[in-house]
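The values are calculated or read from the model by the stated rules, or taken from the named source; none is laboratory data. Everything numeric in this text was worked out from a predicted model, so none of it was measured. For accessibility, only protein heavy atoms count, side chains too; no ligands or nucleic acids. Shrake-Rupley method; radii C 1.70, N 1.55, O 1.52, S 1.80 Å.
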Amino acid sequence: MRFCDDGHLEIDNNAAERSLRTVVLGRKNYLFCGSDTGGERAAAIYGLIGTAKLNGLNPEAYLREVLSRIADHPINRIEELLPWNLAAELAVKSSRAA
């Protein structure tokens, strides 16, 4: 009943359930990663995609940018390729394209 007193509170938890939907749907798919290492790699990719979404990035555009740069990028500066560090740069690129 607190949502009646505070307009900022949601009447239900649909937003939280929607955010967990991908985890629930993928649960059986994770069984078919092939090995523990495959599961760890899948978790890393899912983590990058989720973080890109949380930073307001298009996950496909973000991964395309990272994969195009990673071969020539110095390993000691890998944090520059994280979603929150590329967000501003990708926003500028997408505004130029539009």
Accessible area per residue, 1.4 Å probe, Å², for the chain: what's the number?
82
With a cut-off of 8 Å between alpha carbons and a minimum separation of six or more residues, what is the relative contact order of the chain in percent?
18
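On the accessible surface of the range 22-98, probed at 1.4 Å, how many percent belong to carbon and sulfur atoms?
On the way: 3480 of 5820 Å².
Roughly 60 percent of what the probe reaches on the range 22-98 is carbon or sulfur.
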Counting helices only, and only those DSSP H runs with n ≥ 4, report the 222 nm mean residue ellipticity of the chain as the sum of -39,500 (n - 2.57) divided by its residues, in deg cm²/dmol to the nearest 500.
-20000 deg cm²/dmol
Answer check: the chain, Cα atoms, Kirkwood Rh, Rg/Rh ratio of 1.10
